[in-house]
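Notes to accompany the following structure.
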Amino acid sequence: MSANVPAHEQHPAIELREAAVRLGETDALHASTLAVDARTVAVIGENGSGKSTLARLLCGLVAPTGGRVRVLGLDPVRQAGELRRRVAVLFSNPDAQIVMPTVAEDVAFSLRADRLPRAESAARVAEALDRFGLTDLAERSAHDLSGGQKQLLALAGAFVRRPELVVADEPTAYLDARNARLVAGHLLADTGHRLVLVTHDLSLAARCDAAVLVADGTVAAVGAPEQIIDAYEAALAC
Ligand SMILES: Nc1ncnc2c1ncn2[C@@H]1O[C@H](COP(=O)(O)OP(=O)(O)OP(=O)(O)O)[C@@H](O)[C@H]1O
């Protein structure tokens, strides 16, 4: 937290108070209270428990239907524009995020809203392509990449914007072991961003600084990953 912000105005990076999301007839999330400031946060829980809904709430893709949500101190509804500038999103299926014909154009597209000078934009795209091992593929058709390469492209598109927070929803779900390790390594590396990582891979969750257990549509526990993973495994054994 910034030393320049008075204590009473400081927020944890992620703060929910009795937050709720109703999707159609389903209470996808209800009575969810959470205050977490760790740099990397794993979100774990059973299928259908509400993890993706929580992730979507944090990046402003769904609005709360009750309670209070703050992400980086921002109200995701009233400050949606600023939230979009500071938070990047990554999904398990990278095809959903490809919008431009070539790899380089697709990364550049992520910067369109930032209205950077052309030279800075080009330098940032080149840097991102290099960082994610895509330089040799820059002129290739984005849709013709392998699944692993597409997820690296999605990472490049997310990180080229220099986000403060990356919300990743099962980003390694469709990857082989090598690419899963590669993508996880990029996400967890401390390059000045925070990470919220929804995952069923408990060994990956264990590498985060904190973990959140979501169960039956609510935040059931928050704490050190080992403790939360133990609680989850104990619940699964019942
Ligand atoms: N658009 C929607 N309309 C209605 N119900 C929805 C919608 N999206 C999700 N749900 C429901 O909300 C609940 C939580 O779903 P969510 O996708 O958040 O779970 P999850 O924990 O991410 O599951 P998984 O691990 O299987 O991806 C589920 O009951 C789901 O069926």
What are the residues in the range 35-81 that are among the hydroxyl-bearing types (S, T, Y) and in a strand (DSSP E or B), if any?
T40
If you go through D106, D75, the only one that is in contact (Cβ under 8 Å) with a residue 24 or more places away in the chain and among the acidic types (D, E) is D106
Kindly check whether there is at least one residue in the range 174-196 that is touching a helix residue (DSSP H, G or I) at 6+ places or on another chain (Cβ under 7 Å), in contact (Cβ under 8 Å) with a residue 24 or more places away in the chain and farther than 29 Å from P101 by Cβ.
yes
Residue list for the range 155-174, restricted to those being among the aliphatic types (A, V, I, L, M) and within 16 Å of the ligand (Cβ to nearest atom)
V167, A168, A173
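Where residues in the range 176-209 are within 16 Å of the ligand (Cβ to nearest atom) and assigned to a loop (DSSP other than H, G, I, E, B), which of them is farthest from L54 (Cα to Cα)? Let's see the steps before the verdict.
Within the range 176-209, the subset within 16 Å of the ligand (Cβ to nearest atom) is 196-202, 204-205.
Subset that is assigned to a loop (DSSP other than H, G, I, E, B): 199-201.
Working: T199: 12, H200: 15, D201: 18 Å.
Ranking the qualifying residues of the range 176-209, first place goes to D201.
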When you scan the range 82-124, how many residues do you find that are in a loop (DSSP other than H, G, I, E, B), among the aliphatic types (A, V, I, L, M) and under 16 Å from A156 (Cα atoms)?
4
Using the structure shown, decide if R39 is near the ligand (Cβ under 9 Å from one of its atoms), surrounded by fewer than 21 Cβ atoms within 10 Å (Cβ to Cβ) and of a type in the set (K, R).
no
Take the conditions more than 30 Å from A122 (Cβ to Cβ), within 14 Å of the ligand (Cβ to nearest atom) and exposed (fewer than 14 other Cβ atoms within 10 Å of the Cβ) and apply them to E46. Does it pass?
no
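Pull up the range 50-96, narrow it to residues that are β-branched (V, I, T) and closer than 30 Å to N179 by Cα, then point me to the one that is surrounded by the fewest Cβ atoms within 10 Å (Cβ to Cβ).
V62
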Check off (1) crowded, with 19+ Cβ neighbours inside 10 Å; (2) under 30 Å from A13 (Cα atoms) for A142 and give me the number that stays unchecked.
(2)
Any residue in the range 213-238 that is in a helix (DSSP H, G or I) sitting within a Cβ distance under 9 Å of a residue that is surrounded by 17 or more Cβ atoms within 10 Å (Cβ to Cβ) and among the β-branched types (V, I, T)? List the pairs, counting only those 6 or more apart or interchain.
P225/I44; I228/I44; I228/V212; I228/V222; I229/I44; Y232/I44
Can you name the condition, by its number, that E139 falls short on among (1) in contact with a Gly (Cβ under 7 Å, 6 or more places away or on another chain); (2) assigned to a loop (DSSP other than H, G, I, E, B)?
(1)
Give the range 6-33 a look and list any residue that's within 15 Å of the ligand (Cβ to nearest atom) and in contact with a strand residue (DSSP E or B) (Cβ under 8 Å, 6 or more places away or on another chain), or say none.
L16, A19, A20, V21, R22, D27, A28, L29, H30, A31, S32
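Computed from the coordinates by the stated procedures, all read-outs in this text should not be read as laboratory data. The structure displayed is predicted, hence computed values, not measured ones. Using ideal geometry, Cβ is built from the backbone for each residue, glycine included, and neighbour counts are taken over all protein chains shown.
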